[in-house]
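For reference, the structure is listed below as structure tokens.
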Amino acid sequence: MACMLIDGKKIAGEIQEELAQEVAALKEKGVTPGLAVILVGEDPASQMYVQMKGRTCKKLGMHSETIILPDATTEQELLQRIDGLNADPRIHGILVQLPLPSHIREDRVIEAIHPDKDVDAFHPYNVGRMFAGSPSFLPATPAGIQQLLLRSGVETAGKRAVVVGRSNIVGKPVAALLMQKGPGGDATVTLAHSRTRDLGQVTREAEILIVAVGKANFISRDMVRPGAVIIDAGTNKVDDPGSEKGYRWVGDVDFEAVKDVCAAITPVPGGVGPMTIAMLMSNTLRAAENTLA
Ligand code: NDP
């Protein structure tokens, strides 16, 4: 069976081009979308994500502020910085890079961001609106997954969709989006996790299989229904002594083993990853547009 590659890099590039035009139009009305990203500590992966977000903002013509705070920053100090950004009219989106050092309570920080500037959509107000079907912002990775399906012409209505993984940032919200009424939704959704009995039997029912587990090559060929559409959010670093860096990135799905059984699949890297940042930029633009409404 010929399997279609769902090219997230290309689709994210198209979304960024659309966004750049919308940013230019908004600037003509006197508003430059602004995103502030706060990083606490020196985690190298987080530093890289923060840099990428700043660079993409600038590429799209948006205003970008990166605030780097030492690991020893107190929760109170961080909350004060957020308060300042909540009141800053140049800033439309605020994002605190997770994870935070263990002495800072993540929920306090997320709830301190004004819901109108919560472009990660992790604030309970925005989570609630998404589940109720009237979202302000959608969380970036789940929204990116939904866009991959929509823009690849994958019909979700009436389909059996199985999501493996129930994190608050990927699994649960993806399931919520697929079950909403309307385009990119209307699926019959099953959410599986580490306590699911006979996972293979569940995943083999999936016409659309979405995986966010964090284990390299976790989904094997025998767990996939022939003709399924597979979205692989997994991003796992594995040793690769033959490569220049000594490692490479792989997904949660055994790509080589399933690629001739499924109808379509996202690669890793180049699938879900680039969509996450594109959707974050889209949320920042919407937040800025909302100030005119
Ligand atoms: P979490 O670790 O928060 O959640 C993993 C989920 O997988 C849990 O719900 C867990 O179940 C489930 N799980 C673990 N083992 C099994 C098993 N044996 N069988 C079934 N389910 C299992 O991960 P995230 O959702 O944060 O991330 C998942 C992956 O997606 C990671 O590789 C991460 O790097 C990647 N990711 C990629 C992003 C992108 O932009 N491309 C953004 C965010 C994440 P339980 O709840 O029962 O423990």
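Can you pull out every residue in region 253-270 that is under 21 Å from ARG166 (Cα atoms) and more than 10 Å from the ligand (Cβ to nearest atom)?
Selection gives VAL253, ASP254, ILE265.
Could you list, ordered by first residue, the pairs with Cβ atoms under 8 Å in which the first is in region 258-285 and within 14 Å of GLY234 (Cβ to Cβ) and hydroxyl-bearing (Ser, Thr, Tyr) and the second is within 16 Å of the ligand (Cβ to nearest atom) and assigned to a loop (DSSP other than H, G, I, E, B), at least 6 apart or interchain?
THR266/ILE6; THR266/GLY251
Report, by residue number, each residue of region 63-84 that is in contact (Cβ under 8 Å) with a residue 40 or more places away in the chain and open to solvent by 10 Å² or more (accessible area, probe 1.4 Å).
Matches in region 63-84: ARG81 only.
For region 154-169: of the residues being closer than 13 Å to THR190 by Cα and touching a helix residue (DSSP H, G or I) at 6+ places or on another chain (Cβ under 9 Å), which is most open to solvent (accessible area, probe 1.4 Å)?
ARG166
When you look at LEU19, is it crowded, with 16+ Cβ neighbours inside 10 Å and under 20 Å from the mean Cα position of the chain (by Cα), yes or no?
So LEU19 passes the test.
For ILE208, indicate whether it is of a type in the set (Val, Ile, Thr) and away from the ligand (no atom under 16 Å from the Cβ).
Yes, satisfied.
Counting just the residues of region 182-202 that are within 16 Å of the ligand (Cβ to nearest atom) and outside any loop (DSSP other than H, G, I, E, B), which one comes out surrounded by the fewest Cβ atoms within 10 Å (Cβ to Cβ)?
GLN201
List pairs: first in region 159-173 and assigned by TED's automatic domain parsing to the domain that holds ASP107, second more than 8 Å from the ligand (Cβ to nearest atom) and in a strand (DSSP E or B), Cβ under 7 Å, 6+ apart or cross-chain?
none
Are any residues in region 22-45 of a type in the set (A, V, I, L, M), in a helix (DSSP H, G or I) and either open to solvent by less than 20 Å² (accessible area, probe 1.4 Å) or in the same structural domain as ALA72 (by TED's automatic domain parsing) (or both), and if so, which ones?
VAL23, LEU26, ALA45
For LYS172, work out the one condition from (1) surrounded by fewer than 24 Cβ atoms within 10 Å (Cβ to Cβ); (2) part of a helix (DSSP H, G or I); (3) away from the ligand (no atom under 11 Å from the Cβ) it doesn't fulfil.
With respect to (1) surrounded by fewer than 24 Cβ atoms within 10 Å (Cβ to Cβ); (2) part of a helix (DSSP H, G or I); (3) away from the ligand (no atom under 11 Å from the Cβ), LYS172 is out only on (3).
Could you list all residues from region 218-252 that are in contact (Cβ under 8 Å) with a residue 40 or more places away in the chain, of a type in the set (Val, Ile, Thr) and either within 16 Å of the ligand (Cβ to nearest atom) or over 24 Å from LEU178 (Cβ atoms) (or both)?
ILE219, ILE231
Kindly establish whether VAL154 is part of a strand (DSSP E or B) and either at pLDDT below 95 or of a type outside the set (Gly, Ala, Ser) (or both).
No; evaluated as a whole, the condition is false for this residue.
Filter region 85-101 down to the residues that are assigned to a helix (DSSP H, G or I) and open to solvent by 30 Å² or more (accessible area, probe 1.4 Å) and list them by number.
The one that is assigned to a helix (DSSP H, G or I) and open to solvent by 30 Å² or more (accessible area, probe 1.4 Å): ASN86.
Restricting attention to region 181-197, does a residue exist that is touching a residue at least 60 places away in the same chain (Cβ under 8 Å) and farther than 28 Å from ASP120 by Cβ?
no
With respect to the numbered conditions (1) part of a strand (DSSP E or B); (2) open to solvent by less than 10 Å² (accessible area, probe 1.4 Å), which one is the sole condition not fulfilled by GLY234?
Unmet condition: (1).
The values are calculated or read from the model by the stated rules, or taken from the named source; none is laboratory data. This structure is a prediction, so every number in the text was calculated from the model and none was measured. No Cβ is skipped: glycine too gets one built from the backbone with ideal geometry, and neighbour counts run over all protein chains shown. Remember, those area values only see protein heavy atoms, side chains included, never the ligands or the DNA or RNA. Shrake-Rupley method; radii C 1.70, N 1.55, O 1.52, S 1.80 Å.
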